[in-house]
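The values are calculated or read from the model by the stated rules, or taken from the named source; none is laboratory data. From a predicted model like this one, the values you see are computed outputs, not experimental measurements. Here the Cβ is made from the backbone with ideal geometry for all residues, glycine too, and neighbour counts use every protein chain on show.
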Amino acid sequence: MPLETIVQGRISEQLRNAVAGYFDIHMLQFDVEFERFRHAVRLSGVFRAPVEEAYDVISARAKQDGYVIFFRQEGEEQVIYALQGSLPQVRRNYLLAGLLFVATLASVFLTFGLTPEMGIDWRGGFSYAIPLMSILLAHELGHFFVARHYKMQVSPPYFIPLPLVSLGTLGAVIAMLAPPKNRRQLLQMAAAGPLFGLVLAIPILIYGLSISEVGPLPVGQPYLMEGNSILYAGIKYLMFGQMLPSPDGIDVSLHNVAFAGWVGLLVTALNLIPAGQLDGGHAAFTLFGRRIRPLSYVLIVLMAVLSFRFTGWLIWAALIFIFGRTYAVPMDDITPLDGKHKALAALMLVLAVLLFVAVPFRFVPG
């Protein structure tokens, strides 16, 4: 008997034992291409138990024989893919994460803490750096703690300093080396960041606005004006009783704390763009599945149009073209969202609309 036949017989027996009682096999195929893998085993058939429960049992059984299991819905077929090997284990470099956090804190501090007139302005620097870094840290730790709760293979948050340029930071990234178990866990991990961040950003913004001055816009001198989102404009209206900036040239001059809160809202809005590996991309994928993929092209066109008013959107259009067309597909991509998770995903998309700023910054020459 050929060796290949013997090996395939052993694999077939192992996988049939793994799915026994939970999945009726209609067809078993070897050396099938699956996503970026070439030698998967494909089992098509019908589940005999709730899919979420079946995944826990089947994946645990298969792991003992050295297989990683994926569930997929392909048209009318329910399919299990089995790959020999194991999921990658992330190496968590907490020292590097800590050093980058300190470097980013210093970089953000210098945004308002280094002035030509005063040199080092400790009060000005920390009044911006501490609230902004608190918001960003809350956002990233929201992702991290939920991911660790579900035993996802993620790195600690790595902050990105950008000294003496713009806002002082490019935010932070968390590397996810292995896909999440199912859409529900992916959604919870994605939603935790924006929600944790907003819990700090909104009170910080409100407090900052309460100590900011409202008055006439500068005349005869250039200035930079921050953009309005629906949420930001609404908060200002509730606090000051009018839409700002007003038609008669009245606006609020943001205190550093208020500006930190505004930046926190902007960072959250950018993360909620429904593309690729962004939080909004995760939320959209969990809600609509693979049908969401054409949306990336719509976003690219939209940002190209918006770039006529704010050129920064060209960078985002390029990033979405390069990175934003690939979504995080869970290992069990059959288990649907239940009602409460659909509501959470919808909330994420509503927040994306409320926080979006078409023109984040506008230079007024005076």
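Remarks
- Among residues of region 101-129 that are farther than 21 Å from Leu209 by Cβ, those with a beta-carbon under 9 Å from a residue that is surrounded by fewer than 15 Cβ atoms within 10 Å (Cβ to Cβ) and among the aromatic types (Phe, Trp, Tyr) at least six positions away or on a different chain give the pairs Phe109/Trp122; Gly113/Trp122.
- Residue check for Leu299: closer than 24 Å to Glu35 by Cβ and surrounded by 14 or more Cβ atoms within 10 Å (Cβ to Cβ): yes
- Looking only at region 290-334, residues that are more than 16 Å from the chain's Cα centre (by Cα), of a type in the set (A, V, I, L, M, F, W, C) and part of a loop (DSSP other than H, G, I, E, B) come to 4 in all.
- Filtering region 80-117 to residues that are within 28 Å of the chain's Cα centre (by Cα), among the hydroxyl-bearing types (Ser, Thr, Tyr) and under 30 Å from His255 (Cβ atoms) leaves Thr104, Ser107, Thr111.
- Condition met for Glu77 (within 27 Å of the chain's Cα centre (by Cα), modelled with pLDDT under 95 and within 26 Å of Glu13 (Cβ to Cβ)): no
- Count of region 59-117 residues which are under 19 Å from Phe159 (Cβ atoms), in a loop (DSSP other than H, G, I, E, B) and either in contact with a Gly (Cβ under 9 Å, 6 or more places away or on another chain) or hydrophobic (A, V, I, L, M, F, W, C) (or both): 1
- Residue match in region 274-293 (condition: of a type in the set (Val, Ile, Thr) and either in contact with a Ser or Thr (Cβ under 6 Å, 6 or more places away or on another chain) or assigned by TED's automatic domain parsing to the domain that holds Ala60 (or both)): no
- Checked against (1) polar (S, T, N, Q); (2) closer than 14 Å to Leu187 by Cα; (3) part of a loop (DSSP other than H, G, I, E, B), Thr286 meets all criteria but (3).
- Annotation for region 342-352: no member residue is part of a loop (DSSP other than H, G, I, E, B) and crowded, with 17+ Cβ neighbours inside 10 Å.
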